[in-house]
Amino acid sequence: MQNSKIVVFGSSGQVGWELRHKLACLGQVTGVEYPEVDFRNPQSVRDALRSAQPGVIINAAAYTAVDKAESEPDLAMAINGAAPAVIAEEARRLGSILVHYSTDYVFDGTKQSPYVETDATNPMNIYGKTKLAGDEAIQASGCEYLILRTSWVYGARGNNFLLTMLRLAGEREELRIVDDQTGGPTSSECIAQATADILAQVLGPSGGGLEGRSGIYNLTNAGETTWFGFAQALLGRASRNLGTATPKLVPIPTSEFPRPARRPANSRLSCQRLEETFGVRMPHWEDALSLVLETLRDGVARA
Ligand SMILES: NC(=O)c1ccc[n+]([C@@H]2O[C@H](COP(=O)([O-])OP(=O)(O)OC[C@H]3O[C@@H](n4cnc5c(N)ncnc54)[C@H](OP(=O)(O)O)[C@@H]3O)[C@@H](O)[C@H]2O)c1
């Protein structure tokens, strides 16, 4: 049976923070934070893993500044491409299971239906290219792994679209939001819960490790919307539940919001494989959104 020591890289990030809490009942969880371990220094990654000897390694650390990556490609590649390769190599050496997160941005968005795990990748930006390099290094490493591909991550803490919208709602009378990119907003808490549910099966008494289930799995909240639809839903709920101001929302095409990094028009990911393999069914994005806003409301009420 797999030892239940769990190391989480990136434990101060949106997903990493939630993981520390959701995984606590599965084993001894050690959160590893930057700069204690710096992915630009592969030896620090190796040292941390060799000293912890975990049964499970979770990599929630990444270079996630999608636009900035266009001007820092080497740094983004070191963190998203090279460091996961080192982690995977160590996972194979230690016999640990590696859980890693990937992104919808490995696709070019030209498909007319939700992407499945076997679809051809073709990233449109540097961030997507570096994340794909990490995925490929893990796949080639020979370790037991789960690459969980997610999209449009947000939560009650961190840098994300929801918190940006809530801030801007208080500052502006009108917000112009892109309405021609479609995807699945996914709460960091749901990602962590699904990860815990999968690991409970893998580490449990009848688990038997990953045995035959290593691979890539899409993992997003169910349903789909555009950034405009997401903004409308979150600000509508926030106005009712948090008393947030309600600016006028204007839908715009991507062409009217130029940014350094290009984004796919279709970011939808099918989670059928995850459901069939692990029985994990992701909540609808609107239900997940309500839960995150409740967390924020309770936080506000406690303050
Ligand atoms: N955010 C999204 O919309 C999105 C979408 C699809 C997939 N994903 C993927 O989901 C995973 C989790 O994303 P997230 O949104 O939770 O990320 P996040 O909130 O940006 O957190 C990233 C984490 O990586 C750490 N980190 C940054 N540079 C590092 C370095 N040089 N060495 C070690 N650690 C470093 C950060 O530490 P500090 O906080 O100290 O900087 C932070 O703990 C990532 O693999 C990401 O690519 C995210």
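The values are calculated or read from the model by the stated rules, or taken from the named source; none is laboratory data. As the structure is a prediction and not an experimental result, all values here were calculated from the model. Note that we place each Cβ from the backbone using ideal geometry, even for glycine, and neighbour counts take in every protein chain shown. All accessible areas refer to the heavy atoms of the entire protein, side chains included, with ligands and DNA or RNA removed. Shrake-Rupley method; radii C 1.70, N 1.55, O 1.52, S 1.80 Å.
Which ones in the range 1-20 are open to solvent by less than 60 Å² (accessible area, probe 1.4 Å) and near the ligand (Cβ under 6 Å from one of its atoms)?
Gly10, Gly13, Gln14, Val15, Gly16, listed by residue number.
So Gly109 passes all but one of these: (1) assigned to a loop (DSSP other than H, G, I, E, B); (2) within 11 Å of the ligand (Cβ to nearest atom). Which condition number does it fail?
Single failed check for Gly109: (2).
Looking at the range 199-219 only, could you name the residues that are open to solvent by 10 Å² or more (accessible area, probe 1.4 Å) and closer than 22 Å to Thr103 by Cα?
The answer is Arg213, Ser214, Ile216.
Given the criterion under 21 Å from Ile147 (Cβ atoms), open to solvent by less than 60 Å² (accessible area, probe 1.4 Å) and not in a helix (DSSP H, G or I), identify the matching residue among Ile79, Ile58, Ile87.
Ile58
Being within 11 Å of Gln181 (Cα to Cα), of a type in the set (A, V, I, L, M, F, W, C) and open to solvent by 20 Å² or more (accessible area, probe 1.4 Å) is the filter here; which residues of the range 224-266 pass it?
Trp227, Phe228, Ala265
Of all residues in the range 70-106, how many are within 11 Å of the ligand (Cβ to nearest atom) and closer than 20 Å to Ser188 by Cβ?
So the count comes out to 11.
If Glu189 satisfies all but one of (1) exposed (fewer than 14 other Cβ atoms within 10 Å of the Cβ); (2) in a helix (DSSP H, G or I); (3) at pLDDT 95 or above, what's the number of the condition it fails?
Of the numbered conditions (1) exposed (fewer than 14 other Cβ atoms within 10 Å of the Cβ); (2) in a helix (DSSP H, G or I); (3) at pLDDT 95 or above, the odd one out for Glu189 is (1).
Mind listing whichever residues of the range 21-55 are open to solvent by 60 Å² or more (accessible area, probe 1.4 Å), within 13 Å of the ligand (Cβ to nearest atom) and free of Cβ contacts under 8 Å to residues at least 24 places away in the same chain?
Matches in the range 21-55: Glu33, Pro35, Glu36, Asn41, Gln43.
Restrict the check to the range 126-135 and report whether at least one residue is away from the ligand (no atom under 12 Å from the Cβ) and open to solvent by 50 Å² or more (accessible area, probe 1.4 Å).
Yes; the residues of the range 126-135 include at least one that is away from the ligand (no atom under 12 Å from the Cβ) and open to solvent by 50 Å² or more (accessible area, probe 1.4 Å).
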